[in-house]
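One structure is given here, and the rest of the page talks about it.
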Amino acid sequence: MTDPTPVPYAGPERVLSGVQPTGDLHLGNYLGALVKFVAMQERMQCLYCVVDLHAITQWQDPKALISQTREIAAAYIAAGVDPKKAIIFPQSAVPEHTELAWIFQCVARLGWLDRMTQFKEKTGKHKERASVGLYTYPVLQAADILVYQATHVPVGEDQRQHLELTRDIAQKFNHDFEAPNFFPLPQAMVEGPGARIMSLRDGTAKMSKSDPSDASRITLTDDADAIAGKIRKAKTDPEPLPSDEEGLKGRPEAENLVGIFAALSGQTRAQILATYAGQGFGQSFKPDLANLLVEKLGPVSGEMRRLLADPSQIDAILADGAQQARAIAAPVVAQTKKLVGFWGA
Ligand code: AQP
């Protein structure tokens, strides 16, 4: 699609992102999302939701959903998101998300959704058994972002295609309703060393909450022994560590572990390789990586435990965040309904 209006969106810069409360957060969520959330809160207004509406695209135990929603909020805060600087809230507490999502379902084209690779990956050969919500999930995601007229979306690499769809929906809405630049075309902020963390069992599959193997991921609730055990058993190949990045080509497991080391330590891959070149993985690379993981994730899980010991504190933050979020979303939806031509809008 081509944008008929070259004038860029003139509203304030704003960040929106979220994590699903579908299980323990893992290293990929931490590096691909949480670390970026913290960095962004110093630069512009940030809204971080716990996307419980997305979670129910696959069945969730209701009791677990509530406690996991609190856990994700606690993880945001424990990782360094400051509720005084950023708005933290549950997606389902702001009904404007679903209201806008319906309008966007009427804007998005079936062909666009048919191209979404995450739906194909999640459903495999059984797509007829998937919920309709899982199929239209990226449209709700577009509403999550655009209901705040958000301009920046920090996410991992796996979300890049969904962000493209959000831009297509914004562009088509602005065009169809002759409202040039009403919705911004948000930028995915995918860059950074933690954008794509892979499974510890298979360097070609992304680290994921839904992988049946617990050994495939490091979670924020793993203790030092669990981390050391998972890193010790992490799949590698029989070759020693190479001396340069070229030598990581065709070795996805080695590339992943070196990438994780670099992302956590703030060093480049080249610097890591300069230290460990020629050594076997088990010699000192894996023990050092396990220690680094414990050093970085230990304080986050400790703080999460402390916060979750008093859920009323988390609940107060979520309630206050929902109120602040609604104050931004309601006028945007009111204006959208007026543009669409709804009675009384
Ligand atoms: N492996 C990853 N590497 C880097 N970033 C990742 N993210 C997820 N996996 C990786 C980023 O984490 C944020 C929150 O993701 P989510 O929980 O909302 O959904 P997801 O992308 O579907 O994550 P999971 O953990 O893989 O969950 P399941 O298994 O339920 O699908 C997003 O910014 C995502 O990019």
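The values are calculated or read from the model by the stated rules, or taken from the named source; none is laboratory data. Not measured: the values here are computed from a predicted model. For neighbour counting, all protein chains shown are included, and Cβ atoms are generated from backbone atoms with ideal geometry for every residue, glycine included.
Tabulated values for the structure
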| read-out | value |
| --- | --- |
| Odd one out for Glu128, checked against (1) over 18 Å from the mean Cα position of the chain (by Cα); (2) surrounded by 12 or more Cβ atoms within 10 Å (Cβ to Cβ) | (2) |
| Leading residue by the ranking (surrounded by the fewest Cβ atoms within 10 Å (Cβ to Cβ)) among those in region 78-93 that are within 16 Å of the ligand (Cβ to nearest atom) and β-branched (Val, Ile, Thr) | Val81 |
| Residues that are modelled with pLDDT under 95 and assigned to a loop (DSSP other than H, G, I, E, B), drawn from region 166-198 | Pro180, Asn181, Val190, Glu191, Gly192, Pro193, Gly194, Ala195, Arg196 |
| Number of the exception - Thr236 against (1) part of a helix (DSSP H, G or I); (2) more than 28 Å from Thr123 (Cα to Cα) | (1) |
| Where His152 falls short, out of the listed (1) more than 26 Å from Ala205 (Cβ to Cβ); (2) within 13 Å of the ligand (Cβ to nearest atom); (3) in contact with a Phe, Trp or Tyr (Cβ under 8 Å, 6 or more places away or on another chain) | (3) |
| Selection count, region 35-46, where residues are under 21 Å from Ala319 (Cα atoms) and within 14 Å of the ligand (Cβ to nearest atom) | 3 |
| Which listed residue is in a loop (DSSP other than H, G, I, E, B) and under 27 Å from Thr22 (Cβ atoms), from Arg306, Arg201 | Arg201 |
| Breaking point among (1) within 14 Å of the ligand (Cβ to nearest atom); (2) β-branched (Val, Ile, Thr); (3) more than 24 Å from Glu157 (Cβ to Cβ); (4) without any contact (Cβ under 8 Å) to a residue 60 or more places away in the chain, for Thr69 | (4) |
| Test: residue in region 50-65 that is under 11 Å from the mean Cα position of the chain (by Cα) and within 12 Å of the ligand (Cβ to nearest atom) | yes |
| Elements of type helices (runs of 4 or more DSSP H) contained in region 49-156, each with 3 or more residues being under 16 Å from Ile169 (Cβ atoms) | 96-105, 110-114, 132-146 |
| Failed criterion for Lys209 (all others in (1) near the ligand (Cβ under 10 Å from one of its atoms); (2) at pLDDT 95 or above; (3) part of a loop (DSSP other than H, G, I, E, B) hold) | (2) |
| Per-region count, region 244-275, residues among the small types (Gly, Ala, Ser), without any contact (Cβ under 8 Å) to a residue 24 or more places away in the chain and closer than 15 Å to Met198 by Cα | 1 |
